[in-house]
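Structure first, commentary second.
The values are calculated or read from the model by the stated rules, or taken from the named source; none is laboratory data. None of these values were measured; they are calculated from a predicted model. When we count neighbours, we look across all protein chains shown, and the Cβ atoms used for this are built from the backbone with ideal geometry, even at glycine. Quick note on the areas: whole protein, heavy atoms, side chains included, nothing else; ligands and nucleic acids left out. Shrake-Rupley method; radii C 1.70, N 1.55, O 1.52, S 1.80 Å.
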Amino acid sequence: MSITVNGLDELKKLAGSDLGTSDWLEITQERINTFADATDDHQWIHVDPERAAEGPFGAPIAHGCLTLSLFIPLFTELLQVEGVSTKVNYGLNKVRFPAPVKVGSRIRLVARLASVEEVPGGVQIAVDGTMEIEGGAKPAAVLQSLSRFYA
């Protein structure tokens, strides 16, 4: 379920709030191959299913940066900010990849709005996110993302 806020004042009121959990998203070999083509990272552990089956994880795994890149579409399922002129990704404070994401796995985002701080012309938010793997003991990624919203 998505939370919708209108403007920076409503966004500020959400500081410290849990934003919820996104829907599950399946990680397919096609998605991994497309990411490999876009980034020129064709390491066998990602794109060679036969060789990867014999590797340390028993199957091809998603690139860590592919998992990370899915934060934005999963985050937009959780929070919609309307009444602002511009939304920008400002960066990351911390990222870790505790567990590999095997082909066929499903991931989802659990997020919390850690902080909302004033910046010239708008606000900067810090979002604590955990990318869970369905049935997994450890998450695929743990991160803190920074975004800016301008009036």
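Results, tabulated for the structure shown:
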item	result
Residue among Arg96, Arg51, Arg106 with the largest mean-square fluctuation in a Gaussian network model of the chain, springs linking Cα atoms under 10 Å	Arg51
Convex hull volume per residue for the chain, taking Cα atoms only, in Å³	110 Å³
Under the Debye formula (equal points on every Cα, no solvent term), log10 I(q)/I(0) of the range 88-151 at q = 0.14, 0.16, 0.28 Å⁻¹	-0.47, -0.57, -1.12
Relative contact order (%) - criterion: Cα under 8 Å, at least six apart; region: the range 21-83	32 percent
Loop chymotrypsin sites (Phe, Trp or Tyr not before Pro), the range 1-75 (other Cβ atoms within 10 Å of the site Cβ: 15 or fewer; DSSP)	Trp24, Phe57
DSSP bridge pairs, the chain: antiparallel proportion in percent, nearest 5	90 percent
Protein accessible area in the chain, 1.4 Å probe - carbon and sulfur %	49 percent
Charge context of Ile27, other residues only, Cβ under 12 angstrom, K/R +1, D/E -1	+1
Loop GluC sites (Glu not before Pro), the range 6-86 (other Cβ atoms within 10 Å of the site Cβ: 11 or fewer; DSSP)	Glu54
For the range 6-84, diffusion coefficient by Stokes-Einstein and Kirkwood Rh (Cα), 25 °C, 0.890 mPa s, µm²/s	163 µm²/s
At 1.306 mPa s and 10 °C, Stokes diffusion of the range 36-82 via Kirkwood alpha-carbon radius, µm² per second	129 µm²/s
Dipole of the chain, positive end: most advanced residue of Trp24, Pro139, Gly64 [Cβ charges, Cα centre]	Pro139
Calculated log₁₀ intensity ratio I(q)/I(0) where the Debye formula runs over C-alpha points of the range 56-116, q = 0.27 Å⁻¹	-1.43
Cα-centred dipole magnitude for the range 1-147, charges only on beta-carbon of K, R (+1) and D, E (-1), debye, nearest 20	360 debye
Anisotropy class of the range 19-60 from Cα gyration tensor, a/c 1.5 cut	oblate
Angle between the chain longest axis and helix 29-39 axis [Cα atoms, degrees, rounded to 10]	70 degrees
Whole-number percent relative contact order across the chain, with pairs defined as alpha carbons under 8 Å at least 6 apart	31 percent
Lysine pairs with alpha-carbon atoms under 28 Å apart, the chain, spacing 8 or more or separate chains	7
Accessible surface, the chain, averaged per residue in Å² (probe 1.4 Å)	53 Å²
